[in-house]
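Worksheet: one structure, shown below.
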Amino acid sequence: MIEIQNVRKSFGSLEVLKGIDLTVEKGEVVTVIGGSGSGKSTLLTCINGLEPIDAGRIMVDGTEVHAKTTDLNKLRRKIGIVFQQWNAFPHLSVLENVMLAPRKVLGLSKEKAEEIAVKQLTHVGLGEKLSVYPTRMSGGQQQRMAIARALAMSPEYMLFDEVTSALDPQLVGEVLDTLRMLASEGMTMICVTHEMKFAREVSDRVAFFHKGVMAEIAPPEALFGAPKDPELQKFLAATH
Amino acid sequence: MFSYTFHWNQALKALPQMLDGALITLQVALLSMVIGLALALALTACRLSGNRVLGGIAATWVEIARNTPALFQIYMAHFGLGNFGIHLSPYTALLVGIAFNNAGYLAENFRGALKAIPDTQTRAGRSLGMTPVQAFRYIVLPQMLRVAFLPATNQMVWAILMTSLGVTVGMNSDLAGVTQELNARSFRTFEFFALAAVIYYVIAKAVTLAARALASRLFRY
C-alpha cells in the first residue's frame with residue numbers, strides 16, 4: 001500500500017505539490033490526469049525517493065520513504081518507474097539493459113538474470129530483439145524495453161510517468177497495450193497520463209491534479225461522467 | 001642554385017640507431033599517457049568534488065597546460081625546477097612536462113565526456129535500485145569512455161610528437177635527440193630529419209589506426 005499524506009514540495013519559490021493526500025491499495029490502478037505543471041510527475045518521483053519532499057510523508061508498505069534511516073536503494077527494488085523519456089542504456093543490448101539491475105542490484109547469477117530478462121522481454125513482445133542495441137529500435141519498442149527492465153526487478157508497484165507522451169502517435173498503442181496487460185494481471189500501478197480513453201478503461205480511480213492540488217478523485221465513470229470540480233470540467237472540455 | 005647532393009646512404013646506415021631512439025620516444029609517450037590519464041582522473045575528481053581549493057588547483061592546472069607552449073612546460077620541469085634545487089634529468093623532465101600537458105588536455109576531455117552523458121541515465125539506474133557508485137560504474141563510465149576514447153588517442157599522437165621537444169633540455173636518447181646528434185656530426189640535416197619525420201609519421205599513423213580498430217571492437221553500439 002502506498003500512503004501519501006499531506007505532501008508538500010517546492011522547487012525554489014514554486015510550490016508544485018500543495019498538500020497531497022492519496023492512498024493506493026495493493027492491486028489498484030490509479031491514473032493521474034491534469035495540465036502541465038500540475039505536479040503529477042513530481043509526485044511519482046517523490047514516491048520512489050528520487051525527489052525529497054518538504055512536508056508530509058509517503059509510506060510504502062509501512063516504510064517511510066523520506067526517513068533518514070530508510071534504505072532507498074532497497075526500497076526502490078519494489079517500486080518500478082518508467083519515464084516519459086525511456087532512458088535506454090545505449091551501450092548495452094536490449095537483453096543486457098534488462099539484465100543489468102537484477103545482476104548488480106539483486107546479485108543474481110548471469111543465467112538467472114538472463115532467464116528473467118528473456119521472460120520479461122517476451123512478455124512485452126520484444127522476444128525477437130534480445131541482441132539488438134536500443135538505438136536501433138523505435139521509441140515504442142524502447143519504451144516497452146524500459147517497462148521490461150523495471151519489471152525484471154519483480155516490483156510490487158509500478159509508476160508510469162507519461163510514458164507515451166514522447167512517442168509518435170502510431171507507437172502509442174503498443175505501449176498502452178502493454179500497460180493494459182499489466183493492469184489486467186493485477187499489478188498495482190500509478191499512471192500519470194494524457195491518454196483519457198486509456199485512463200477511463202484501466203483505472204480503478206482517476207485523480208485530477210490542478211496547480212499542485214488534487215482537485216478531484218473518483219472512479220472513472222464518475223470523474224469523466226459527472227465531473228464536479230470546475231477546473232476539471234474545463235480540462236475535460238478542452239481535451240475532448 | 002640547387003646543387004645539393006643527397007646522401008641518403010649515410011642516413012639509412014644510421015637507421016638502426018634511429019629506431020632505437022624511436023623506442024625511447026614511444027616509451028616516454030606511453031608513460032606520459034599513463035601518468036597523464038591518472039592525473040587527469042584525479043583532476044576531474046577534484047573539479048567535481050565541490051571543494052574550492054581542490055577545484056581551483058585543478059582548474060589552474062588545466063588552464064596552464066592548455067594555454068601555454070608545451071616547450072615552456074618542459075623547460076620549466078628541467079631548468080625552472082632546477083632554480084629551486086629540484087634537478088630532473090632530461091628524460092624525467094621531458095616525461096614530467098608532457099605528463100603535465102596530457103593531464104590538462106585529458107581532464108578537459110573527461111569533463112566534456114561526463115557532460116555528454118545525460119543525468120537521466122544516472123536517474124534511470126538509481127530508480128532500479130543502484131547505488132550512485134553502481135550507476136556510475138555500469139552506466140555512465142562505459143558511455144564516457146566511448147566519448148573520451150578518440151580524443152584521448154589524439155592526445156597520444158600529440159604526446160609522441162611533443163617528445164621531440166626533449167632536445168631543448170638535452171635529451172639525446174630519443175628519436176629527435178639521436179637525429180640531432182647525427183646531424184651535428186654530419187650536417188646532413190635534410191636526410192636525417194626527413195627520415196626521422198617518416199618514422200614519427202609511421203608511429204603516429206599506426207597509433208591512430210590501432211586506436212580506431214580497437215574502438216570499433218570496444219564500442220559496438
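Please treat every number below as a calculation from the coordinates, not as lab data. Just so it is clear, the model here is predicted, and its values are computed rather than measured. We place every Cβ from the backbone using ideal geometry, glycine too, and count neighbours over all the protein chains shown.
At a glance:
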read-out	value
Bridge type composition, the protein assembly as shown - antiparallel percent by DSSP, nearest 5	55
Chain A, helix-only ellipticity at 222 nm - DSSP H runs n ≥ 4, -39,500 (n - 2.57), divided by all residues, nearest 500	-11000 deg cm²/dmol
Two-decimal Rg to Rh for the stretch B:1-100 - Kirkwood Rh, Cα set	1.18
Kyte-Doolittle at least 1.6, axis length at least 30 Å by Cα - qualifying DSSP helices, chain B	B:15-48
Rounded Å value of the spacing that divides the Cα centres of the stretch B:90-141 and the stretch A:77-142	25
Chain B, relative contact order in percent, only Cα pairs under 8 angstrom and at least six apart counted	28
Over 26 Å [Cα-Cα, the stretch B:18-218], rounded percent	43
Flagged links, alpha-carbon separation over 24 Å, of A:Lys9/A:Lys104; A:Lys197/A:Lys234; A:Lys129/A:Lys197; A:Lys74/A:Lys112; A:Lys26/A:Lys78	A:Lys9/A:Lys104; A:Lys129/A:Lys197
For A:Cys191, A:Cys46, order by how many other beta-carbon atoms lie within 10 Å, fewest first	A:Cys46, A:Cys191
Ranking of B:His87, A:His66, B:His78 by count of other Cβ atoms within 10 Å, fewest first	B:His87, A:His66, B:His78
J(HN,Hα) series, the stretch A:133-140, from Karplus relation 6.51 cos²θ - 1.76 cosθ + 1.60, nearest Hz, glycine and proline x	8, x, 5, 8, 10, 6, x, x
Chain B - mean residue ellipticity at 222 nm from DSSP helices (-39,500 (n - 2.57) per run, n ≥ 4, rounded to 500)	-25000 deg cm²/dmol
Helix A:169-184 axis, angle to chain A major axis (alpha carbon atoms, nearest 10°)	90
Counted charge near A:Arg180, where neighbours are those whose Cβ lies closer than 14 Å (Asp, Glu -1; Lys, Arg +1)	-3
Relative contact order %, chain A, counting alpha carbon pairs below 8 Å whose residues are six or more apart	27
Residues B:Asn172 and A:Met59, FRET efficiency given R0 of 60 Å [Cβ-Cβ distance, rounded to 0.05]	0.20
J(HN,Hα) series, the stretch A:193-208, from Karplus relation 6.51 cos²θ - 1.76 cosθ + 1.60, nearest Hz, glycine and proline x	8, 10, 8, 5, 5, 4, 4, 5, 6, 8, 6, 7, 9, 10, 10, 10
Approximate spin-label separation A:Gln233-A:Met1, in nm, with each point projected 7 Å along Cα-to-Cβ	3.5
Cα long-axis angle, helix A:230-239 against chain A (0 to 90 degrees, to the nearest 10)	50
The stretch B:165-221 versus the stretch A:31-53: alpha-carbon centroid distance in Å	59
Relative compactness, chain A, computed as alpha-carbon Rg over 2.2 N^0.38 Å	1.01
Distance from the stretch A:198-240 to the stretch B:1-61 (C-alpha centre basis), Å	67
For the stretch B:129-221, radius of gyration divided by Kirkwood radius, i.e. Rg to Rh on alpha-carbons	1.23
Net +/- balance of residues flanking B:Leu48 in space, Cβ distance below 14 Å, scoring K and R +1, D and E -1	+2
Alpha-carbon Debye profile of the stretch A:28-138, log10 I(q)/I(0) at 0.22, 0.23 Å⁻¹	-1.21, -1.24
Long-range amide H partners of A:Val16 with built H, under 5 Å	A:Lys9, A:Ser10, A:Phe11
More than 42 Å apart - percent of Cα-Cα pairs taken over the protein assembly as shown	39
Hull shadow area, averaged, the stretch A:192-240 [alpha-carbon convex hull, nm²]	3.1
Residues B:Arg52 and B:Gln27, FRET efficiency given R0 of 35 Å [Cβ-Cβ distance, rounded to 0.05]	0.35
